[in-house]
Amino acid sequence: MYSPSVFIAIAVLVASLHMIAPDHWLPLTALSIKRGYAKRRVLLISAVLGFLHGSTSVILSLAALLIGVVIFGLNELKEISIVILVAVAIYMLIQTVRERRGSEGVENTSLLVSILPDPVLLPIIIASYPLGNIELGAIGASFILSSALALPVVTGGVLIGAGSGLSRLKPATVDYVVIIALVLTAFYIYFFG
């Protein structure tokens, strides 16, 4: 049987790791330095951006789940969630390799990137559908809360000088860790779901 705590832990891990990627904190820190924002204001903005990012990701995932269940009448989502987990992992891997080859810097990103939904939560929500609405809500809330807390922590670290290490961190590294988490989740669902 599925364990809600495992899916909550995966949602927290994915949300937290994702906020370490420079494309989430770099635009905000660059803008705050350019405009001379106070540290408290930057942390508040980053919390709002993290909250919005988490919320849009949950909304996207729940909408996709609703479409799958209501419109297509899918009742057994185990196999579908495994396929989506693997597909998202492969998509992320291809995009990561493509971005590394293109040497695209995070300088071209904007604050909008920080609020756009992340499809990485979609397979987690679909896989946890059999748990019920309360558990889905807990998983979604955990993702939102983790996003809203992780971005200010990372941004605050950058503002106090930890940014040199984070700025050398390549977004691809974070993506690889998230890909591994997705694949491990697929194995978990296959063997224990």
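The values are calculated or read from the model by the stated rules, or taken from the named source; none is laboratory data. Owing to the predicted nature of the structure, the values given are computational and were not obtained by experimental measurement. We place every Cβ from the backbone using ideal geometry, glycine too, and count neighbours over all the protein chains shown.
For the criterion of being of a type outside the set (A, V, I, L, M), at pLDDT 75 or above and assigned to a helix (DSSP H, G or I), P117 fails.
What residue, among those in the stretch 1-18 that are exposed (fewer than 15 other Cβ atoms within 10 Å of the Cβ) and modelled with pLDDT under 90, is nearest to the chain's Cα centre (by Cα)? By that ranking, first place goes to S3. Mind listing just one residue for me: the one in the stretch 116-130 that is within 12 Å of the chain's Cα centre (by Cα) and among the aliphatic types (A, V, I, L, M) and, of those, farthest from G140 (Cα to Cα)? Per the stated criteria, the residue is L116. For the residues A38, A11, A63, A21, the requirement of being closer than 11 Å to I144 by Cα and hydrophobic (A, V, I, L, M, F, W, C) singles out A11.
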